[in-house]
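Below is one structure; the comments refer to it alone.
Read the figures in this text as sums done on the coordinates, not as results from a lab. Since the structure is predicted, the reported quantities are computational estimates derived from the model, not experimental observations. No Cβ is skipped: glycine too gets one built from the backbone with ideal geometry, and neighbour counts run over all protein chains shown.
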Amino acid sequence: MSAIVQFENVGLRYGLDSETLSDVSFSLASGGFYFLTGASGAGKTSLLKLLYLAQRPSRGVIRLFDEDVVTLPRKRLPGFRRRIGVVFQDFRLVPHLSAYDNIALPLRVAGMEESEIDAPVAEMLNWVGLGDRGDARPATLSGGEQQRVAIARAVIGRPEILVADEPTGNVDADMARRLMTLFEALNRLGTTIVVATHDLPLIAQVKGAQMMKLDKGRLADPTGTLRYPPRSQERP
Amino acid sequence: MMTGHANRKAAAAARNRLLPEGRVAGPMPWIIAIMMFLTVLSAAAGLGLGAAVRSMSADLAGRASVQVVEADAAARDRLAARTLQALRGADGVRAADPVDPALLADQLRPWLGDAATSGDLPVPALIDVMLTPGDADANVDRLRRLLGGLSSKLRIEPHAAFLLPLAGLLGALGWLAGGVVLLMILATGAVVVLAARGAHDSHRTTIDVLHLMGSTDVQIARLFQRRIGLDAFLGSALGFAFAILVIVLIGLRLTAMGSELLGAVTLDTRGWIVLASLPLLGVLLATLTARWTVLRALGRSL
């Protein structure tokens, strides 16, 4: 089975509160396109945090790239994180860096030579329609522009998994469609996409995407297809 | 196409941009400068006093004064001449020289006034004796027996008798200065720990983003250690320069006083090398402490 992500009875509790996520089990096929939906407070962001390794679960097993990441030593986490691109809900752009430098961050973190950074960053800036705003600091960009910088930063390293938390929340309908087209293009190149969103028309736009619905910390999976995906949905 | 050098330079510039600039604007370089100033002064005091104690120890072991306690001036001069002759021929004596009575009178004048030179007061004649290296106590005992055989009006005073407490005091002050240097090093380390923690906390958001992109702890720690190392370099250079200026000025004043005792408080080449190494050690200490602090702080996060 070519599952890139596997959750087995995962629970997440913050402090002494009741569980934010309970008994979450699913498998994401490599190269799949997934939407994560649910009401506010359902646990979408918490699930994504587990996915991009910002949090360890309180219980259960999470396997990423065929390795158990719950018991993974801390020093091995960076290698896994470099294979995951993240678009944060609040963008998390580094405020004192230009749009160019923000987008170049993952490449520099990965140790890419400076001479090899310029071309992909310039291409990415053009791709998100910010070719002439490379020198702009985040504070001088609109919400939509910041979001596009965040998306460019998440995808520039050609991650194997792209996790996006409400990526279209601050952009107009036209830009939202363009972003989805961009995600689909990435998906066709083999990147597994997980997008948390409330935007149902957006979900309908992506053909073949699978929906995951969280309700009060539990994943709705009445047919069991999320936990045990049919062979036809798996990709080699 | 970038050359290797240009590439490294561009990479370094990009890394440096990751933390917002703020060098010298903060209190860190100034605090380090003050601490380095005090450390270098304390170290100089410790090394100078150590040299004085070593020089004094040579005196302690190898010198003595013989007093000719005779009220009659003519008899005193005769006895002094005989004693001098006997001392110069004695085993264990490297040199024996009479102390100039005029010099002696000059030294007594502050206490005795003009009576010191009037001749009304019987002032003992003094002979300065330098002993051969070896067992100083045995030498002094041998001379005491020799002088006892010559006259009952001869007394020998090994310098150790009156210089030992002073040497002890100087030695203690030297150790105290060494202790102050150690405390300053600890305090510098503590200041760097606080500064690194503060910098870590204030850049938390950037650190989180870097972490989630796959930055290793060492990559992040390097950013802070470089910044703090630069602050420490600037502060150390400033503090060291001022301390050296003060040391040179104090040295000139000590030399101008013409005191044999104070003149012994000197810095030899080894001492200057030790002082010159202090700012380098300061920068190294600050850099390593910053690295350790940030790595520890990062180790507590996922």
Considering only the protein assembly as shown, percent of DSSP beta bridges that pair antiparallel, nearest 5: 65 percent
Fully extended contour minus Cα-Cα distance, from B:S57 to B:W292, at 0.36 nm per residue: 80.2 nm
Note, ³J(HN,Hα) from phi for segment A:174-191, Karplus 6.51, -1.76, 1.60, rounded to Hz, x at Gly and Pro: 5, 5, 4, 5, 5, 5, 5, 4, 5, 5, 5, 5, 4, 4, 5, 7, x, 6
Spin-label pair B:R145/B:D120, simplified geometry with 7 Å Cα→Cβ offset, distance in nm: 4.4 nm
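In deg cm²/dmol, rounded to 500, what helix-only [θ] at 222 nm does the protein assembly as shown give when every DSSP H run of at least 4 residues adds -39500 (n - 2.57) and the total is split over its residues?
Computed mean residue ellipticity for the protein assembly as shown: -18000 deg cm²/dmol.
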For the protein assembly as shown, size of Cβ-based charge dipole, Lys and Arg +1, Asp and Glu -1, in debye: 1380 debye
Percent of alpha-carbon pairs separated by more than 22 Å within segment B:70-152: 34 percent
Where labels lie 7 Å past Cα in the beta-carbon direction, separation of B:L245 and A:D66 in nm: 6.8 nm
Cleavage-rule hits (trypsin sites (Lys or Arg not before Pro)) in segment B:261-302: DSSP loop, at most 10 neighbouring Cβ within 10 angstrom: B:R300
Spin-label pair A:R76/B:M130, simplified geometry with 7 Å Cα→Cβ offset, distance in nm: 7.6 nm
GluC sites (Glu not before Pro) within segment A:89-174: DSSP coil, no more than 14 neighbouring Cβ in 10 Å: A:E113
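By count of other Cβ within 10 Å, fewest leading, how are B:M257, A:M112, A:M212 ordered? Can you show the working numbers first?
Details: B:M257 10, A:M112 15, A:M212 20.
Final ranking by Cβ density, sparse to dense: B:M257, A:M112, A:M212.
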In range of the label at B:L280: residues from segment B:207-245 whose backbone nitrogen is under 20 Å from the point 7 Å along Cα→Cβ: B:226, B:229-245
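Where in chain B are the DSSP H helices whose C-alpha atoms run 27 Å or more along the long axis and whose mean Kyte hydropathy is at least 1.6?
B:160-202
Where the only charges are on Cβ atoms (+1 Lys, Arg; -1 Asp, Glu), what is the dipole of segment B:70-152 about its Cα centre, to the nearest 20 debye? Don't jump to the answer; show the numbers that get you there.
On the way: 9 positive and 13 negative charges, 62 e Å.
I would put it at about 300 debye.
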Amide H contacts of A:R59 (H built 1.01 Å from N, under 5 Å, at least 5 apart or other chain): A:G11
Number of partner chain Cβ atoms within 10 Å, mean per residue of A:102-115: 5
Number of partner chain Cβ atoms within 10 Å, mean per residue of A:89-101: 3
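Taking each residue of B:191-199 in turn, how many C-beta atoms of other protein chains fall within 10 Å of its C-beta, and what is the average? Kindly include the intermediate steps, with their values, before the conclusion.
Details: counts 0, 0, 0, 0, 0, 0, 0, 0, 0.
The shielding value for this peptide is 0.
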Qualifying aspartates and glutamates (Cα of each under 12 Å from Cα of A:K207; at least 8 residues distant if same chain): A:E184
Under 16 Å from the Cα of A:K75 - aspartates and glutamates, other chains or at least 8 residues apart: A:E67, B:D208, B:D217
